[in-house]
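Colleague: Got a structure for you, written out below as structure tokens; questions coming shortly.
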Amino acid sequence: DSGVTQTPKHLITATGQRVTLRCSPRSGDLSVYWYQQSLDQGLQFLIHYYNGEERAKGNILERFSAQQFPDLHSELNLSSLELGDSALYFCASRVEDGYTFGSGTRLTVV
Amino acid sequence: GQNIDQPTEMTATEGAIVQINCTYQTSGFNGLFWYQQHAGEAPTFLSYNVLDGLEEKGRFSSFLSRSKGYSYLLLKELQMKDSASYLCAPLGYTDKLIFGTGTRLQVFP
């Protein structure tokens, strides 16, 4: 158990809809990183938050947004969903010797 | 630059040794991670090299040359459970981890 919690584990939704993915970092960790992994693709960096502030942004679509709340949990909002948004979405926390990942949310857009 | 190159697939036999290479553009990176990822699961940490040279950890070793933008992961005494994807990830100065597309390793009996 990495200590990074992601919910839900699975999500099936229709095109055009909006979903929210949630991540709780390990207790005391201030950072949250979001990654997208499409089928047979590498992990694509989306966005990084540290203690509530956006620190870095990667290839994140305008339809996607994120925030980190005072209790340090983070939410990734995906709107106007398209079939190509189907992927595994991981969040990660920065730890002493690396990064630890949550178990991911598998999003399927039908 | 963020070009990270790894072989797409490799195969090896149980008990053998395999070396997975990774090259990357050197600018903007400080250290390099290797992660293992089984299909559909989260990546798990294998190694982190911040200085040049070889880091050994059990059956796994990782090497880094920062000036050459080159790293490799060496897996010894391969086991069937080592069949997975291996992800090379240079650490950017902005503290974000950039992943290569990964090398899918298949270990055969």
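Colleague: Considering only strands (runs of 3 or more DSSP E) fully contained in the range A:1-70, which possess at least 1 residues that are of a type in the set (Lys, Arg), over 18 Å from A:Gly104 (Cβ atoms) and modelled with pLDDT under 95? Break it down into steps so the answer makes sense when it comes.
Modeller: Values: elements: A:5-7, A:10-13, A:19-24, A:31-37, A:44-50, A:53-57, A:64-68.
Answer list for the range A:1-70: A:53-57.
Colleague: Among the residues of the range B:29-36, is any small (Gly, Ala, Ser) and within 29 Å of A:Arg55 (Cβ to Cβ)?
Modeller: Going through the range B:29-36, the residues small (Gly, Ala, Ser) turn out to be B:31.
Going one step further and asking which of them are within 29 Å of A:Arg55 (Cβ to Cβ), we end up with B:31.
Yes, there is a match, as at least one residue in the range B:29-36 is small (Gly, Ala, Ser) and within 29 Å of A:Arg55 (Cβ to Cβ).
Colleague: Can you name the condition, by its number, that B:Ser61 falls short on among (1) assigned to a strand (DSSP E or B); (2) touching a residue at least 24 places away in the same chain (Cβ under 8 Å)?
Modeller: (2)
Colleague: Answer yes or no: is there a residue in the range B:78-96 that is at pLDDT below 95, more than 22 Å from A:Ser103 (Cβ to Cβ) and in contact with an Asp or Glu (Cβ under 6 Å, 6 or more places away or on another chain).
Modeller: No, the range B:78-96 contains no residue that is at pLDDT below 95, more than 22 Å from A:Ser103 (Cβ to Cβ) and in contact with an Asp or Glu (Cβ under 6 Å, 6 or more places away or on another chain).
Colleague: Condition first: of a type in the set (S, T, N, Q), closer than 21 Å to A:Gln67 by Cβ and touching a strand residue (DSSP E or B) at 6+ places or on another chain (Cβ under 8 Å). Now tell me which residues in the range A:18-46 satisfy that. Give the derivation first.
Modeller: In the first step, residues of the range A:18-46 are kept if they are of a type in the set (S, T, N, Q); the result is A:20, A:24, A:27, A:31, A:36-38, A:41, A:44.
Narrowing the set further to residues that are closer than 21 Å to A:Gln67 by Cβ leaves A:20, A:24, A:27, A:31, A:36, A:44.
Those that are of a type in the set (S, T, N, Q), closer than 21 Å to A:Gln67 by Cβ and touching a strand residue (DSSP E or B) at 6+ places or on another chain (Cβ under 8 Å): A:Thr20, A:Ser24, A:Ser31, A:Gln36, A:Gln44.
Colleague: Can you name every residue in the range A:82-106 that is surrounded by fewer than 21 Cβ atoms within 10 Å (Cβ to Cβ) and not in a strand (DSSP E or B)?
Modeller: Scanning the range A:82-106 gives A:Glu82, A:Leu83, A:Gly84, A:Ser86, A:Glu96, A:Asp97, A:Ser103.
Colleague: Moving on to the next point. Considering only residues that are surrounded by 17 or more Cβ atoms within 10 Å (Cβ to Cβ) and not aliphatic (A, V, I, L, M), which ones fall in the range B:1-30?
Modeller: B:Gln6, B:Cys22, B:Thr23, B:Tyr24, B:Phe29
Colleague: So A:Trp34 ticks every box in (1) more than 10 Å from every other protein chain (Cβ to nearest Cβ); (2) more than 21 Å from B:Tyr35 (Cα to Cα) but one. Which box is left unticked?
Modeller: Of the numbered conditions (1) more than 10 Å from every other protein chain (Cβ to nearest Cβ); (2) more than 21 Å from B:Tyr35 (Cα to Cα), the odd one out for A:Trp34 is (2).
Colleague: Further question: Answer with yes or no whether B:Gly15 is within 14 Å of B:Leu75 (Cβ to Cβ), more than 14 Å from chain A (Cβ to nearest Cβ) and out of contact with any Cys (no Cβ under 6 Å at 6 or more places or on another chain).
Modeller: Against the criterion (within 14 Å of B:Leu75 (Cβ to Cβ), more than 14 Å from chain A (Cβ to nearest Cβ) and out of contact with any Cys (no Cβ under 6 Å at 6 or more places or on another chain)), B:Gly15 qualifies.
Colleague: Report the residue count in the range B:70-109 for those that are under 24 Å from A:Val95 (Cα atoms) and not in a strand (DSSP E or B).
Modeller: Within the range B:70-109, residues that are under 24 Å from A:Val95 (Cα atoms) and not in a strand (DSSP E or B) number 9.
Colleague: Looking at the range A:78-105 only, could you name the residues that are within 16 Å of A:Gly42 (Cα to Cα), more than 7 Å from chain B (Cβ to nearest Cβ) and either β-branched (Val, Ile, Thr) or out of contact with any Gly (no Cβ under 9 Å at 6 or more places or on another chain) (or both)?
Modeller: If the condition is that a residue be within 16 Å of A:Gly42 (Cα to Cα), more than 7 Å from chain B (Cβ to nearest Cβ) and either β-branched (Val, Ile, Thr) or out of contact with any Gly (no Cβ under 9 Å at 6 or more places or on another chain) (or both), then A:Gly84, A:Asp85, A:Ser86, A:Ala87, A:Thr105 are the ones that fit.
Colleague: All but one of (1) without any contact (Cβ under 8 Å) to a residue 60 or more places away in the chain; (2) crowded, with 16+ Cβ neighbours inside 10 Å; (3) within 12 Å of another protein chain (Cβ to nearest Cβ) hold for B:Gly40; state the number of the condition that does not hold.
Modeller: (2)
Colleague: Continuing with this model, one more query. So in the range A:39-74, with the set limited to residues that are among the aromatic types (Phe, Trp, Tyr), in contact with a Lys or Arg (Cβ under 9 Å, 6 or more places away or on another chain) and within 16 Å of A:Ser24 (Cβ to Cβ), which one is farthest from the other protein chains (Cβ to nearest Cβ)? Reasoning before the result, please.
Modeller: As a first pass, look at the range A:39-74 and keep what is among the aromatic types (Phe, Trp, Tyr): A:45, A:49-50, A:64, A:69.
After this cut, where a residue has to be in contact with a Lys or Arg (Cβ under 9 Å, 6 or more places away or on another chain) as well, the list is A:45, A:49-50.
With within 16 Å of A:Ser24 (Cβ to Cβ) added as a condition, the list becomes A:49-50.
Numbers: A:Tyr49: 11, A:Tyr50: 8 Å.
Selected residue: A:Tyr49.
Colleague: Suppose we filter the range B:66-98 for residues that are under 13 Å from the mean Cα position of the chain (by Cα) and polar (S, T, N, Q); how many remain?
Modeller: Number satisfying all stated conditions: 2.
The values are calculated or read from the model by the stated rules, or taken from the named source; none is laboratory data. Remember, predicted model here, so these are calculated numbers, not experimental data. Ideal geometry is used to build each Cβ from the backbone, glycine not excepted, and the neighbour counts take in all protein chains shown.
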